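Trainee: If you scroll down you'll find the structure; I have some questions about it.
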Amino acid sequence: MTSTATISVVIPCFNSAATIERALRSVEHQTTKPHEVLVVDDASTDNTVLLIEQYSRSSVLNIRVIKQPANGGPSIARNAAWDLATSEFIAFLDADDQWHPQKLEFQVIAFGLFQDASMCTTGYVFNSQPSRWNHIENSEITYQRNSFWKYAIANRSATPTVMFRNTVTLRFPTDQRHAEDYYLWLLSSKVLGPTVHINQVLTFCSNPAYGGQGQSGRFWAMQKSELSGFRKLKRMGHLSALEYSVITSWSCTKFFIRMIDAKVFSFRKRP
């Protein structure tokens, strides 16, 4: 598809030598090519940067490597690139994840259809390595709107599914290394209105929703950060006392369910 819209892709990475080239290939294969790819190396100690630089020499992508002097976490890394992005739209991808080739194309279309939306997301699956990419017709695409309270019930968006208009001035919170993305989705949907969601699976993530080996597997750290985000929303005046009570109670209920589920699953795997 030919589009006049410009897109900046932001990819934070830390010791991502095993997967970064795969992520970059999924960007290069997009039917709507990005204007720039901003890869933020968060002080890696492996050869991640070398691989990115080697890849960029033979790629059609406009790849820029931003080297962080110290490891600051995903929020600081993403914000560093977001502040430098020059395009109309900002799309986030993690170094171990992949996109369907039509992902950016359909998100640009969605923004054209939903002019009031500042954030667009897509369907996603975990632990999936597709053997082939099926072409999707425009007529197959369906949408829904996700309000703040839908996000309050559950985090409905993995970071690699998200695209923002670059007119958005919100940023990832730099005082959190867990649930930092969820806080931004909550804040955005509360301040800027409902997001637009493409129901089709266009993003493929490496880690499961919770209980995996990455950030999401750290249950208590995730829970503390989630509750911290709710407190910030309340202090900013975005949640009343009653709303804060409801949302934190529901969050704690989900946490205990996850803990029980993880314990049961772990027990079942024992020999």
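Conditions tested, residue by residue: (1) in contact with a Gly (Cβ under 7 Å, 6 or more places away or on another chain); (2) farther than 22 Å from residue 77 by Cα.
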residue	(1), (2)
171	no, no
182	yes, no
227	no, yes
233	no, yes
243	no, yes
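Trainee: Quick check, is residue 150 free of Cβ contacts under 8 Å to residues at least 60 places away in the same chain, closer than 23 Å to residue 82 by Cα, out of contact with any Asp or Glu (no Cβ under 7 Å at 6 or more places or on another chain) and among the charged types (D, E, K, R)?
Mentor: Against the criterion (free of Cβ contacts under 8 Å to residues at least 60 places away in the same chain, closer than 23 Å to residue 82 by Cα, out of contact with any Asp or Glu (no Cβ under 7 Å at 6 or more places or on another chain) and among the charged types (D, E, K, R)), residue 150 does not qualify.
Trainee: Could you tell me whether any residue of segment 65-73 is in contact (Cβ under 8 Å) with a residue 60 or more places away in the chain, surrounded by fewer than 17 Cβ atoms within 10 Å (Cβ to Cβ) and either in a strand (DSSP E or B) or in contact with an Asp or Glu (Cβ under 7 Å, 6 or more places away or on another chain) (or both)? Quick ask: steps written out before the conclusion?
Mentor: Our first condition is that a residue be in contact (Cβ under 8 Å) with a residue 60 or more places away in the chain; within segment 65-73, this holds for 72-73.
Checking the rest, the ones that are also surrounded by fewer than 17 Cβ atoms within 10 Å (Cβ to Cβ) come to none.
No, that holds for no residue.
Trainee: Would you mention how many residues in segment 84-93 are assigned to a loop (DSSP other than H, G, I, E, B) and surrounded by 24 or more Cβ atoms within 10 Å (Cβ to Cβ)? Give the steps one after another, and end with the answer.
Mentor: Let us first name the residues in segment 84-93 that are assigned to a loop (DSSP other than H, G, I, E, B), namely 85-88, 93.
Within this subset, residues satisfying the condition of being surrounded by 24 or more Cβ atoms within 10 Å (Cβ to Cβ) are 93.
Number satisfying all stated conditions: 1.
Trainee: Which members of segment 118-162 meet the condition of being in a loop (DSSP other than H, G, I, E, B), more than 17 Å from the chain's Cα centre (by Cα) and of a type in the set (A, V, I, L, M, F, W, C)? Talk me through it step by step, then tell me what you get.
Mentor: Just the residues of segment 118-162 that are in a loop (DSSP other than H, G, I, E, B), to begin with: 118, 127-137, 141-142, 147, 154-158, 162.
Now narrow it down to the ones that are more than 17 Å from the chain's Cα centre (by Cα): 129-137, 141-142, 147.
Correct list: 133, 136, 141.
Trainee: Within segment 43-63, restricting attention to residues that are of a type in the set (A, V, I, L, M) and in a loop (DSSP other than H, G, I, E, B), which residue is nearest to residue 7 (Cα to Cα)? If you could, list the steps in order and put the result at the bottom.
Mentor: From segment 43-63, those of a type in the set (A, V, I, L, M) are 43, 49-52, 60-61, 63; that's our starting set.
Filter once more, keeping what is in a loop (DSSP other than H, G, I, E, B): 43, 60-61.
Values: 43: 25, 60: 15, 61: 12 Å.
Ranking the qualifying residues of segment 43-63, first place goes to 61.
Trainee: Can you tell me how many residues in segment 34-50 are surrounded by fewer than 18 Cβ atoms within 10 Å (Cβ to Cβ) and not β-branched (Val, Ile, Thr)?
Mentor: The qualifying residues number 5.
Trainee: For residues that are basic (Lys, Arg) and either surrounded by 11 or more Cβ atoms within 10 Å (Cβ to Cβ) or modelled with pLDDT of 80 or more (or both), scanning just segment 226-271, find the one that is farthest from residue 150 (Cα to Cα). Walk me through it before giving the result.
Mentor: The first filter runs over segment 226-271 and keeps only residues basic (Lys, Arg), leaving 231-232, 234-235, 254, 258, 263, 268-270.
If we keep only those that are either surrounded by 11 or more Cβ atoms within 10 Å (Cβ to Cβ) or modelled with pLDDT of 80 or more (or both) too, we end up with 231-232, 234-235, 254, 258.
On the way: 231: 18, 232: 19, 234: 18, 235: 21, 254: 14, 258: 19 Å.
Applying the filter and picking the extreme gives 235.
Trainee: Mind checking whether some residue in segment 100-112 is without any contact (Cβ under 8 Å) to a residue 24 or more places away in the chain and assigned to a helix (DSSP H, G or I)?
Mentor: Within segment 100-112, the subset without any contact (Cβ under 8 Å) to a residue 24 or more places away in the chain is 112.
Those still in the list that are assigned to a helix (DSSP H, G or I) too: 112.
For segment 100-112, residues without any contact (Cβ under 8 Å) to a residue 24 or more places away in the chain and assigned to a helix (DSSP H, G or I): present.
Trainee: Okay, next question. Can we say residue 185 is within 24 Å of residue 105 (Cα to Cα) and part of a helix (DSSP H, G or I)? Reasoning before the result, please.
Mentor: Working: within 24 Å of residue 105 (Cα to Cα): yes; part of a helix (DSSP H, G or I): yes.
Criteria met by residue 185.
Trainee: Considering each of 21, 28, 36, 53 in turn, give the residue that is in contact with a helix residue (DSSP H, G or I) (Cβ under 7 Å, 6 or more places away or on another chain), farther than 16 Å from residue 162 by Cα, assigned by TED's automatic domain parsing to the domain that holds residue 136 and not hydroxyl-bearing (Ser, Thr, Tyr). Walk me through how you get there before you give the answer.
Mentor: On the way: 28 fails: in contact with a helix residue (DSSP H, G or I) (Cβ under 7 Å, 6 or more places away or on another chain); 36 fails: in contact with a helix residue (DSSP H, G or I) (Cβ under 7 Å, 6 or more places away or on another chain); 53 fails: in contact with a helix residue (DSSP H, G or I) (Cβ under 7 Å, 6 or more places away or on another chain).
Being in contact with a helix residue (DSSP H, G or I) (Cβ under 7 Å, 6 or more places away or on another chain), farther than 16 Å from residue 162 by Cα, assigned by TED's automatic domain parsing to the domain that holds residue 136 and not hydroxyl-bearing (Ser, Thr, Tyr) holds for just one of 21, 28, 36, 53, which is 21.
Trainee: Pick from segment 1-18 the residues that are surrounded by fewer than 20 Cβ atoms within 10 Å (Cβ to Cβ), among the aliphatic types (A, V, I, L, M) and more than 15 Å from residue 166 (Cβ to Cβ): which of them is modelled with the lowest pLDDT?
Mentor: Here is the first cut: in segment 1-18, the residues surrounded by fewer than 20 Cβ atoms within 10 Å (Cβ to Cβ) are 1-6, 14-15, 17-18.
Next cut, among the aliphatic types (A, V, I, L, M) only: 1, 5, 17-18.
Of the ones still in play, those that are also more than 15 Å from residue 166 (Cβ to Cβ) are 1, 17-18.
Values: 1: 50, 17: 96, 18: 95.
Checked segment 1-18; the qualifying residue modelled with the lowest pLDDT is 1.
The values are calculated or read from the model by the stated rules, or taken from the named source; none is laboratory data. Owing to the predicted nature of the structure, the values given are computational and were not obtained by experimental measurement. Cβ coordinates were reconstructed from backbone atoms using ideal geometry, including for glycine residues, and neighbour counts include every protein chain displayed.
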